[in-house]
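The values are calculated or read from the model by the stated rules, or taken from the named source; none is laboratory data. All figures in this text were calculated on a predicted structure; none of them were measured in a lab. Neighbour counts are summed over all protein chains in view; Cβ atoms, including those assigned to glycine, are modelled from backbone coordinates with ideal geometry. Keep in mind that these areas ignore ligands, DNA and RNA; they rest on the heavy atoms of the full protein, side chains included. Shrake-Rupley method; radii C 1.70, N 1.55, O 1.52, S 1.80 Å.
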Amino acid sequence: MRRGLIILFLLMSILSFSQKVKFKKDKVLLDKVEVFNFLREGKMTTISTLSGVEFLTVLSTSYQKRNEFYNPKYSSSLPYYDYYVYTVRFLKSGKELTTDVGLDNIIRAIKKSEMVDENGNVDEVKIDTFITKYNNENLKYKIH
């Protein structure tokens, strides 16, 4: 029994290992390797290749949802939760999607799909696949 739990925890720790995304100065680092440049202006983030060609913008917005379990007498939780929605726009094609997937995960997915080359050329088929996979149209109604 004890051995089984130890093996289970070891497997979980190995399988849960993922790539680390960090934003340092004007660079996006994926496992300590520079992969993109970024510029953050308020709630808008622009992503570009290392050669400086902009290919993506991400607008971060939020909405609040009532905490159904909030009771001021018995709870220290907040009466509302903030939920974030990201509008991702591909600059050359003008295509966009709305998602609740965070910016870190968007960066990971773009790098994994290899949709952008060093010159900023974007593969349209891969954009369509990306949009199909991550788009959630229902989120648009919550932020407008």
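Annotation for segment 88-144 versus segment 36-73: alpha-carbon center distance of 13 Å. So, R0 is 30 Å and r is the distance between the beta-carbons of Leu50 and Asp128; what FRET efficiency does that work out to, to 0.05? FRET efficiency, Leu50 to Asp128: 0.75. Close amide-amide hydrogen proximity is noted between Val28 and Val35, Phe36, Asn37, Phe38, each under 5 Å apart and 5 or more residues distant or on a separate chain (H modeled in the peptide plane; Pro and chain starts excluded). Kirkwood hydrodynamic radius of the chain, from the reciprocal of the average inverse Cα-Cα distance over all distinct pairs: 17.6 Å. If a spin label sat at a point 7 angstrom from the Cα of Asp26 along the line to its beta carbon, no backbone N atom of segment 63-102 would be nearer than 11 Å. In the context of the full set of protein chains, residues of segment 22-64 present 59 Å² of accessible surface per residue (probe radius 1.4 Å, heavy atoms only). So if we plug the beta-carbon distance of Leu91 and Asn67 into 1/(1 + (r/R0)^6) with R0 = 41 Å, what FRET efficiency do we get, rounded to 0.05? With a Förster radius of 41 Å, E is 0.60.
Measuring nothing but alpha carbons in segment 39-84 and taking Rh as the Kirkwood radius, the Rg to Rh ratio lands at 1.34. When you restrict to C-alpha pairs under 8 Å that are six or more residues apart and normalise by the size of the chain, the relative contact order lands at 17 percent. In segment 20-114, the portion of solvent-accessible area held by carbon and sulfur atoms comes to 51 percent [1.4 Å probe, whole percent, DNA, RNA and ligands not counted]. Extension gain for Leu59 to Asn119 (0.36 nm times residue separation, less C-alpha to C-alpha distance): 19.3 nm. Between the exposed loop cleavage positions of the chain, defined as trypsin sites (Lys or Arg not before Pro) in a non-H, G, I, E, B DSSP state with at most 16 neighbouring beta-carbon atoms within 10 angstrom, the longest gap is 96-144. Computed over protein heavy atoms with a 1.4 angstrom probe, the accessible surface ordering of Val101, Val85, largest first, is Val101, Val85. Among the chymotrypsin sites (Phe, Trp or Tyr not before Pro) in segment 36-81, those placed in a DSSP loop whose Cβ has at most 11 other Cβ atoms within 10 Å are Phe69, Tyr74.
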